[in-house]
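In what follows, a structure is listed as structure tokens, so that the remarks can point back to it.
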Amino acid sequence: MSSKRPIDDPLFPALLESYRGSIRFRYSKEFLKTVPELKPIPQETVDKLLVFFLEHVYPTLEKRKALDEAFGALAGFIREPAKIWGILGNLAMAIFRFGRMFPQALRAGLSALHSYTTAHDLESRLMDAMRPFVKEHQRYPTEAEFRIFLSTIPEREAKSFRGDVIKLFSIFGNMELVDRVTLILADVLQRMEKKPNLYQKADRDGVSLGIEILKLGRSLFWEMSLLEIKNLVEGIEKVERCYWEGAILADGRSRTDTMLPPVDFESTASTNSTTSAD
């Protein structure tokens with residue numbers, strides 16, 4: 001069985017590099033040719049999207065460790081928004097300063113950050129699927145082989161994960177909302193920094209990370225029209241769905257909503273390699 005925290009598992013570096021490789025593939029020009037929603041989107045924007053995934057969702061190991069630590073602190077605010085109201089003074093004062101949409105804006109912003117954390121929720125399951133392969137072959141799986149492990153994720157969980165990803169980018173595309181939440185969190189951070197004895201560095205780093213993520217997400221949609229934003233969000237959903245469904249089809253098994261049985265890696269890897277090259 002895997003460790004309580006996926007990042008502490010000895011197999012985690014293999015999973016991380018494999019997942020980063022799968023992201024590079026699914027957002028490659030070759031794979032994106034199959035996604036018509038992304039054709040009107042400038043390549044520069046698609047490249048920024050790939051960088052966002054690789055540097056801020058699935059970064060290299062050292063940055064991921066720092067990311068996890070900061071998000072551990074931020075999780076407390078995501079679960080209990082009232083903590084932020086307390087830092088700002090009280091709800092009535094916060095509404096006076098940030099407008100009557102403050103509660104809705106804060107909930108939406110924290111919902112986006114919660115969606116961001118679910119990108120890591122499937123890691124333990126993927127590592128458990130990979131473990132026998134890595135032990136036997138003593139190497140990281142190829143992109144095609146990694147698809148086999150991805151295909152073990154039940155459809156219900158894969159669909160839920162995609163829904164969280166789309167929620168995240170849909171909120172990023174709402175410039176006014178992101179600006180309002182960023183302003184609120186920046187005020188929270190300023191107040192926390194004035195009381196270092198009361199608010200630990202980890203808490204301040206967590207809020208700072210939340211601000212950074214919202215700003216980075218917003219920058220993806222900078223100067224895009226509403227139609228372009230809609231196309232990009234729909235394109236991301238289709239990329240993620242087609243990649244997962246492609247893993248199922250390449251593995252030669254029908255979709256299911258239960259954990260899939262073990263597979264013959266020797267035969268399926270060769271099938272997937274052919275599919276990836278098409």
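Is it true that Tyr140 is of a type in the set (Phe, Trp, Tyr), at pLDDT 85 or above and crowded, with 16+ Cβ neighbours inside 10 Å? Outline the logic, then answer.
Numbers: of a type in the set (Phe, Trp, Tyr): yes; at pLDDT 85 or above: yes; crowded, with 16+ Cβ neighbours inside 10 Å: yes.
Yes: the conditions hold for Tyr140.
Among helices (runs of 4 or more DSSP H) lying entirely in the range 141-243, which contain 3 or more residues that are farther than 21 Å from Ala108 by Cα?
The qualifying helices (runs of 4 or more DSSP H) are 143-150, 155-172, 175-193.
Six or more apart or on different chains, Cβ under 8 Å: which pairs go from a residue in the range 37-48 that's closer than 20 Å to Leu216 by Cβ to one that's loosely packed, with under 11 Cβ neighbours inside 10 Å? Could you list them?
From the range 37-48, the pairs are Gln43/Lys29.
Among helices (runs of 4 or more DSSP H) lying entirely in the range 1-111, which contain 3 or more residues that are modelled with pLDDT of 85 or more and out of contact with any Asp or Glu (no Cβ under 7 Å at 6 or more places or on another chain)?
Output list reads 12-26, 29-32, 43-52, 61-79.
Pick from the range 5-36 the residues that are without any contact (Cβ under 8 Å) to a residue 12 or more places away in the chain and acidic (Asp, Glu): which of them is nearest to Met130 (Cα to Cα)?
Going through the qualifying residues, I end up with Asp8.
Hey, does the range 180-202 have a residue that's in contact (Cβ under 8 Å) with a residue 60 or more places away in the chain, touching a Gly at 6+ places or on another chain (Cβ under 6 Å) and not basic (Lys, Arg)?
Yes - at least one qualifying residue is present in the range 180-202.
Quick test for you: out of Tyr199, Tyr140, pick the one residue that is in contact with a helix residue (DSSP H, G or I) (Cβ under 8 Å, 6 or more places away or on another chain) and more than 24 Å from Ile7 (Cα to Cα).
Numbers: Tyr140 fails: more than 24 Å from Ile7 (Cα to Cα).
Within the list Tyr199, Tyr140, the selection yields Tyr199.
Tally up the residues in the range 187-216 that are surrounded by 16 or more Cβ atoms within 10 Å (Cβ to Cβ) and either among the β-branched types (Val, Ile, Thr) or within 23 Å of the chain's Cα centre (by Cα) (or both), please.
Selection size over the range 187-216: 12.
Using the structure shown, decide if Arg131 is at negative phi and either of a type in the set (A, V, I, L, M) or in contact with a Phe, Trp or Tyr (Cβ under 9 Å, 6 or more places away or on another chain) (or both).
Working: at negative phi: yes; either of a type in the set (A, V, I, L, M) or in contact with a Phe, Trp or Tyr (Cβ under 9 Å, 6 or more places away or on another chain) (or both): no.
So Arg131 does not fit the description; no.
The values are calculated or read from the model by the stated rules, or taken from the named source; none is laboratory data. What you see is a predicted model; the values in this text were computed from it and never measured. Note that each Cβ is placed from the backbone with ideal geometry, even for glycine, and that neighbours are counted across all protein chains shown.
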